[in-house]
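What follows is a short report on a single structure.
The values are calculated or read from the model by the stated rules, or taken from the named source; none is laboratory data. Just so it is clear, the structure is predicted and the values come from calculations on it, not from any experiment. Every residue, glycine as well, gets a Cβ built from its backbone with ideal geometry; the counts of neighbours run over all protein chains shown.
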Amino acid sequence: MLNTAASSPAPQTRVLVDFDKVDLAYDDTGGNAIEDVSLSIREGEFVAIVGPSGCGKSTFMKLVSGLKPPTRGNVLVDGREVSGPLKIVGMAFQAPTLLPWRTAMDNLMLPLEIVEPYRSTLKQKRGEYEARARSLLKTVGLEGNENKFPWELSGGMQQRASICRALIHEPKLLLLDEPFAALDAFTREELWCVLRDLWTQKRFTVVLVTHDLREAAFLADTVYVMSKRPGRILVRKEIDLPRPRDLDITYEERFTDIVLELREHIGRIRKT
């Protein structure tokens, strides 16, 4: 089933992520976590993946990031077949996973201590990199919290810092695995806007895994709906809403109609 609309990114934008008939089996029983997944994600596109629990959404992320090789098919990122963990990827998860003994600033600097070419130039360019970290923290409203430890920050503040850490090395691709699921509704919507603003400013490519259909509809250019395990792509829905999007749009009928359509797809999947 395919749903399209006119708000897609410019057709000349090159493909950054390409899945071609991909399967992934986690054991020797012959059962697949995902099966026959084919899709393309264009550079600068914001994609959301939704579906019932256990459908393979997080498995998809492991394949994109190079943490798992496919059992069948091909995964290409940035024009190359994925054969291991990628330097051009930033990741954030449901739990912020900040190191408790490091300040917010030191947590942000962590990827630069690991990922080349930053690791080799960190000593010479530390001032430049710290300025980048301060700028990111300011962008997400954490200015003045650079020297605070995670336990001194609220859950929402920790997640802001986690997203900044995922972006500090300026990745081409940001992978977000239910990053706002543990937050209260008001903080969650606030961070939708933070992420929207970061993406608008930097235009990195985003793959967001979420159970929140409102979140998917508000943030994404394209939403993919996955089936029960083995996960397959059942629906591709392009979100025909103008950008930039304010939270007020979530109360409009056209937005509600999109969310209801996605919910109907999920409902049919659960019944089968």
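See the values below:
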item	result
Condition broken by GLY56, with the remaining ones in (1) at pLDDT below 90; (2) touching a strand residue (DSSP E or B) at 6+ places or on another chain (Cβ under 8 Å); (3) surrounded by fewer than 21 Cβ atoms within 10 Å (Cβ to Cβ) satisfied	(3)
Among (1) assigned to a loop (DSSP other than H, G, I, E, B); (2) modelled with pLDDT under 95; (3) not aromatic (Phe, Trp, Tyr) - the single one LEU98 does not satisfy	(2)
Qualifying residue in the stretch 159-172 (condition: in contact with a Lys or Arg (Cβ under 9 Å, 6 or more places away or on another chain) and farther than 28 Å from LEU63 by Cα)	no
Residue that is nearest to VAL225 (Cα to Cα), among those in the stretch 42-66 that are in a loop (DSSP other than H, G, I, E, B) and charged (D, E, K, R)	GLU45
Sole residue being closer than 27 Å to PRO85 by Cα and in contact with a helix residue (DSSP H, G or I) (Cβ under 7 Å, 6 or more places away or on another chain), chosen from ALA166, ALA182	ALA182
Options PRO111, PRO85, PRO69: the member that is in contact with a Lys or Arg (Cβ under 7 Å, 6 or more places away or on another chain) and either in a helix (DSSP H, G or I) or farther than 26 Å from TRP192 by Cα (or both)	PRO111
Candidate set: the stretch 186-215, residues that are basic (Lys, Arg) and without any contact (Cβ under 8 Å) to a residue 60 or more places away in the chain; chosen: the one surrounded by the fewest Cβ atoms within 10 Å (Cβ to Cβ)	LYS202
Qualifying position, being surrounded by fewer than 17 Cβ atoms within 10 Å (Cβ to Cβ), under 24 Å from LEU191 (Cα atoms), of a type outside the set (Asp, Glu) and without any contact (Cβ under 8 Å) to a residue 24 or more places away in the chain, among GLY84, GLY144	GLY144
Where THR222 falls short, out of the listed (1) among the polar types (S, T, N, Q); (2) over 11 Å from ALA48 (Cβ atoms); (3) in contact with a strand residue (DSSP E or B) (Cβ under 8 Å, 6 or more places away or on another chain)	(2)
Test: PHE218 is surrounded by 17 or more Cβ atoms within 10 Å (Cβ to Cβ), touching a Lys or Arg at 6+ places or on another chain (Cβ under 7 Å) and at pLDDT below 95	no
Matching entry among GLU128, GLU116 (being of a type outside the set (Val, Ile, Thr) and either at pLDDT 95 or above or touching a helix residue (DSSP H, G or I) at 6+ places or on another chain (Cβ under 8 Å) (or both))	GLU128
